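I have placed the structure first, in the form of structure tokens, so that the comments after it can refer back to it.
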Amino acid sequence: MTYPTDKDCIFCKIVAGQIPCLKLLEDADTIAFMDINPVNPGHALAVAKGHWPTVDVIPAEVLAAVARTAQRVARAVVAELKPHGVNLLQANGAGAGQSVPHLHIHIMPRRPNDAVALNWDYKPGDRAEIEAIYRRLKAAL
Ligand code: AMP
Ligand code: ZN
């Protein structure tokens with residue numbers, strides 16, 4: 001299987017075996033390994049083998065394969081570590097906090113009061129604004 005690579009990308013180097021990782025599993029399109037800066041114990045990454053930076057450019061079937069791998073890891077995390085909860089997180093672009101521009105899904109076990117800042121307060125939105133954006137997105141689909 002051939003896929004795009006970027007010689008300067010740290011995840012491409014991990015996929016190629018040029019940089020070590022704690023590999024959890026691997027299949028034709030994906031790899032999963034432990035995050036070296038875990039927000040909580042058990043934090044792992046499901047990663048596409050090919051170098052596609054973000055959700056808008058990766059082929060849908062590869063994204064589906066990454067999601068399947070994330071689910072396999074999440075099941076092991078839930079069964080073995082019994083965390084308080086698990087977040088799956090996938091960032092796109094520096095503005096979304098993406099530091100490695102090679103698509104990956106975080107499997108993040110949660111602990112009570114762990115201060116991981118992924119939650120937000122519910123504030124009712126402006127109905128007209130929601131509808132205006134809705135119309136633009138619907139037309140773009
Ligand atoms: P993001 O900021 O969403 O792009 O996530 C990138 C993640 O990759 C961070 O959680 C880093 O801790 C993790 N990371 C970076 N380099 C490595 C590495 N060599 N091995 C394992 N995880 C890494
Ligand atoms: Zn890459």
Item checked: Difference of contour (0.36 nm per residue) and Cα-Cα distance, Ile133 to Arg111 -> 4.4 nm
Check: Do any cysteines of the chain lack a neighbour Cys whose Cβ is under 4.7 Å away, and which are they?
Finding: Cys21
Check: How many angstrom separate the Cα center of the stretch 1-30 from the Cα center of the stretch 42-76?
Finding: 12 Å
Next item on the list: Report the relative contact order of the chain, percent, no decimals, based on alpha-carbon pairs under 8 angstrom and at least 6 residues apart.
Entry: 23 percent
Checklist line | Lys123 paired with Val55, simple spin-label distance in nm, labels 7 Å along Cα-to-beta-carbon | finding: 2.2 nm
Checklist line | Estimated dipole of the chain in Debye, rounded to 20 [Cβ of Lys and Arg +1, of Asp and Glu -1, Cα centre] | finding: 220 debye
Next item on the list: Over all directions, average the projected area of the Cα convex hull of the stretch 36-78 and note it in nm².
Entry: 3.6 nm²
Item checked: Highest-first arrangement of 112-122, 41-51, 75-85, 23-33, where packing means the average Cβ count within 10 Å -> 41-51, 23-33, 75-85, 112-122
Notebook entry, point to check: Just Gln98, Gln90, Gln18 to compare: in a GNM of the chain, with alpha carbon springs under 10 Å, which one fluctuates most?
Noted result: Gln18
Notebook entry, point to check: Under 5 Å between amide H atoms, partner at least 5 residues away or on a different chain: which partners does Asn87 have, H built in plane at 1.01 Å?
Noted result: Met108, Arg110
Check: In whole Å and largest first, what semi-axes does the C-alpha gyration tensor of the stretch 10-140 yield when each eigenvalue is scaled by 5 and square-rooted?
Finding: 28, 21, 13
Next item on the list: Check cross-link reach from Lys13 to the lysines: straight Cα distance under 29 Å, and skip same-chain residues fewer than eight apart.
Entry: Lys23, Lys49
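Each reported figure results from applying straightforward, stated rules to the coordinates on display, with no laboratory input. As the structure is a prediction and not an experimental result, all values here were calculated from the model. Glycine gets a Cβ as well: all are built from the backbone with ideal geometry, and neighbour counts include every protein chain shown.
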